[in-house]
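The values are calculated or read from the model by the stated rules, or taken from the named source; none is laboratory data. Please read all numbers here as calculations on a predicted model, not as lab measurements. Here the Cβ positions follow ideal geometry from the backbone for every residue, glycine too, while neighbour counts run over all protein chains shown. Side chains included, ligands, DNA and RNA excluded: accessible areas come from the protein's heavy atoms. Shrake-Rupley method; radii C 1.70, N 1.55, O 1.52, S 1.80 Å.
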Amino acid sequence: MSVRVGVVTFPGSLDDRDALRAVAAARAEPVGLWHADADLHGVDAVVLPGGFSYGDYLRAGAIARFAPVMRLVIEQAAAGLPVLGICNGFQVLCEAHLLPGALARNDHQRFRCQDQQLIMERTSTDWTQGYQPGQVVVIPLKHGEGRYVADSPTLDELEAEGRVVVRYFGQSPNGAARGIAGISNPAGNVVGLMPHPEHAIDPLTGPSADGLPFFTSVLQRLVA
Amino acid sequence: MTRVVVDVMPKPEILDPQGQAIAQALPTLGCAGVRSVRQGKRFELEIDGVLTAAQRTDIERIAASLLTNPVIEDFVLRIEDDDVVDTGRPR
């Protein structure tokens, strides 16, 4: 039985096609989900892709969080459904309170688009078990509002519980608190990060294939 | 008609790079002495007739959940209106 991984397309999503391609490259079955769907079509995991859902109106991710499909994603995530939010998807997960904190405008006020070195910290999540702790990878990022913020008790809790999944290696591209690039929920089934692993699955089209283990990890988790 | 105004501002401890960029531009426009600028948002919600207590509760809920992200923003809600008392006369 093949593992079905859904990718949600919101109005304004950009990276849904690359996310579907990454799912296929990991040898799972990609399933397109529509923001207005009231049904998850039996998928085993969900990716919320990058882009500018609803034009980033109000705040990035603020409107997408109320899309019909998100009601199911929020409900199923609480029951253990693996959910990965990339860039705008991470912003949606924070707005939906599936992950703590928020993504604010980059401290230098510029849109940043570059290949980024990252250090993998938590490798026990559904999406990162294919990495080694401390492994340094190169994955592109591209955002104007990627500065992770949360109050100090929340940051301390994330650190204490080992829920910082990915940290920027070297200079921070956006001024994120404690260099945080991605975090998980306590159970490790919900992960959000600003960099784009779906753009780094094939050296032909990205700087590396370092992002592919995000997609193969969830497959291993689901067939295990 | 009643107008409910919701002013949303970044929390004081949250860095506001947009406000900083504006503040840095001011001296070049000949505006001196401004120590800092912070940028927020203003929402105006227009209600037919007089605002009921239930509507006010609804709007406060929406202001705290949709209009504001409480992690990074605070809001102030006020009723901006000169005819809260409905006289029944045509306007």
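Protein-only accessible surface at a 1.4 angstrom probe places the residues A:Leu212, A:Leu81 in the order A:Leu212, A:Leu81, largest first. Counted by Cβ distance under 15 Å from B:Ala54, the other residues give a net charge of -1, where Lys and Arg count +1 and Asp and Glu count -1. Interface B-A: total buried accessible area of about 1200 Å², 1.4 Å probe, protein heavy atoms only. Working note: Cα gyration tensor of chain A, eigenvalues times five, square-rooted, sorted largest first, giving semi-axes of 23, 20, 17 Å.
Suppose we keep just the DSSP beta bridges with both residues in chain A; what percent of those would be antiparallel, to 5? That works out to approximately 55 percent antiparallel.
Secondary-structure-derived ellipticity at 222 nm for the protein assembly as shown, considering helices only, amounts to -6500 deg cm²/dmol, per-run term -39500 (n - 2.57) for DSSP H runs with n ≥ 4.
If you take the Cα centroid of the stretch A:107-133 and the Cα centroid of the stretch A:1-72, the two points sit 20 Å apart. Legend: translational diffusion of the stretch A:11-144 by Stokes-Einstein, Rh = Kirkwood radius over C-alpha pairs, 37 °C, 0.692 mPa s; D = 207 µm²/s. Share of chain A's accessible area from carbon and sulfur, percent, 1.4 Å? Percent of accessible area from carbon and sulfur atoms in chain A: 52.
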